[in-house]
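**Student:** Before I ask anything, let me first share the structure, which is written out below as structure tokens.
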Amino acid sequence: MLLEAAPETEVLGEAAHGAEAVRAAAELRPDVVLMDIRMPGMDGIEATRRIVAAGGRSRILVMTTFDLDEYAYAALRAGASGFLLKDAHPEELLAGIRAVAGGDAVIAPTLTRRLLDTYAQHLPAGPPGPPGGDDPRWLSLTDREREILVAIGHGWTNGEIAERLVLSESTVKTHVGRVLSKLGARDRIQAVIIAYDLGLTQPNSPS
């Protein structure tokens, strides 16, 4: 009812379980899918993975209890663009949908870092050798872009990156966009995951 009452949103369909969500996303091509994690049959993680793998326009916003849901990190890795609590206020839900539809991540960078630290046991061991190593994603970046990726991995906002690297926020935003493009990252959250994978930052490492 909330979404139907908001002038900027249109509800295209609903799904009772993951498999139905995958089919509906392919058919209806929504901008945003509000995805539950725990559903009968195919869960929200696998549904998210399949929708993202299909390469369509839909971006996934996971509705979760967060503190009770041990699958939150797995949903991030599956390609979710962010999280909202199931008891989020109406204005938070609408703002989250707008953010995801616009290509942004719903979770603030500092909260993203906290989430990944919480689920650090799910992270694979970092690659041997120096951070980044010979990973082609790392090698594709310029020195400045590498600095930006490390900063993103630490959970810094654009303003914090600008202050610490002595750059304008508009310049930082441009660099962030280039980093996401080169990494093939859908959003900032995915860039944080890549930074962890490359060993650029570790859980609870100082920022």
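The values are calculated or read from the model by the stated rules, or taken from the named source; none is laboratory data. What you see is a predicted model, and the numbers here were worked out from it, not measured in a lab. Quick note on the areas: whole protein, heavy atoms, side chains included, nothing else; ligands and nucleic acids left out. Shrake-Rupley method; radii C 1.70, N 1.55, O 1.52, S 1.80 Å.
**Student:** Determine the order of 134, 187 by accessible area, beginning with the largest, at a probe radius of 1.4 Å.
**Tutor:** Descending order: 134, 187.
**Student:** Here's something else I'd like to know. State the three equivalent ellipsoid semi-axes of segment 1-54, derived from the C-alpha gyration tensor as the square roots of 5 times its eigenvalues, in descending order and whole Å.
**Tutor:** Rounded to whole Å, the semi-axes are 20, 12, 9.
**Student:** Once the principal axes of the Cα atoms of segment 1-99 are found, what is the range along each, listed largest first in whole angstroms?
**Tutor:** So the extents along the principal axes, rounded to whole Å, are 33, 31, 22.
**Student:** Scan around residue 33 for amide H atoms under 5 Å from its own, H built in the peptide plane at 1.01 Å from N, and keep only partners 5 or more places away or cross-chain.
**Tutor:** 59, 60, 61
**Student:** Taking N as the number of residues in segment 128-168, what is its Cα Rg relative to 2.2 N^0.38 Å? Walk me through the numbers on the way to the answer.
**Tutor:** Values: Rg = 11.3 Å, N = 41, 2.2 N^0.38 = 9.0 Å.
That ratio works out to 1.26.
**Student:** Tell me the accessible surface of residue 8 in square angstrom (1.4 angstrom probe, heavy atoms of protein chains only), to the nearest ten.
**Tutor:** Taking all protein chains as shown, residue 8 has close to 100 Å².
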